[in-house]
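Everything on this sheet refers to the single structure shown next.
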Amino acid sequence: MASHPAIRRRSSQRRLLQAQTVIVVLGTLLGLAAGGVLTAMSAMTGGLVCLVPNLYFVWRLRGHHGGRQARRYVANFYRAEAGKFGLTVALFVTVFVLAPPSNPIFFFSAYVAVHFVHWLAPWLMRERPTP
């Protein structure tokens, strides 16, 4: 029995965001083990700089879907993407001005790791059979 496309999309988005959150937590734990609390904070900050704009993007597009209102959906999509980009820039500026990371390698590694979770999107978003 096929579920409604909007429900499947929300479930897929949730799985992607959960995977990104897991990467942030793992990066933070790795930083804690490798260099202590300051390194863990650098990794967590880097992961959150990527995760928070993605949360904004999903929040901005909630409830909107294509179909008869495809033009409105595309406009909302571009607005959400522009907001995500602006938020990413603002977070980078905020982090580097107010609280520079003590370990930039862990900061950027966590950012890139969370960002690369999008490569797993086709696998995370596919429909899973129920047992």
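The values are calculated or read from the model by the stated rules, or taken from the named source; none is laboratory data. Since the model is a prediction, treat every value here as computed from it, not as a measurement. Reconstructed Cβ throughout: ideal geometry from the backbone, glycine too, with neighbour counts over all protein chains shown. Heads up: the accessible areas ignore ligands, DNA and RNA and are worked out on the full protein's heavy atoms, side chains in. Shrake-Rupley method; radii C 1.70, N 1.55, O 1.52, S 1.80 Å.
Starting from the residue with the highest accessible area, list ILE23, ILE105 in decreasing order, probe 1.4 Å. Intermediate values should be presented prior to the final figure.
On the way: ILE23 55, ILE105 120 Å².
The ordering from most to least exposed comes out as ILE105, ILE23.
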Please sort by residue number the trypsin sites (Lys or Arg not before Pro) in region 24-86 whose DSSP state is loop and whose Cβ has at most 14 other Cβ atoms within 10 Å. ARG62
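Under a 1.4 angstrom probe, counting protein chains only, how are PHE85, PHE107, PHE77, PHE116 ranked by accessible area, largest first?
Numbers: PHE85 140, PHE107 0, PHE77 70, PHE116 95 Å².
Largest to smallest exposure gives the sequence PHE85, PHE116, PHE77, PHE107.
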At what distance in nm do the modelled label points of LEU120 and ALA34 sit from each other, each positioned 7 Å from its Cα along Cα→Cβ? 1.7 nm
Can you give the extra length, in nm with one decimal, that the chain gains between ARG62 and PHE77 once fully stretched, where that is 0.36 nm per residue apart less the Cα-Cα distance? 4.4 nm
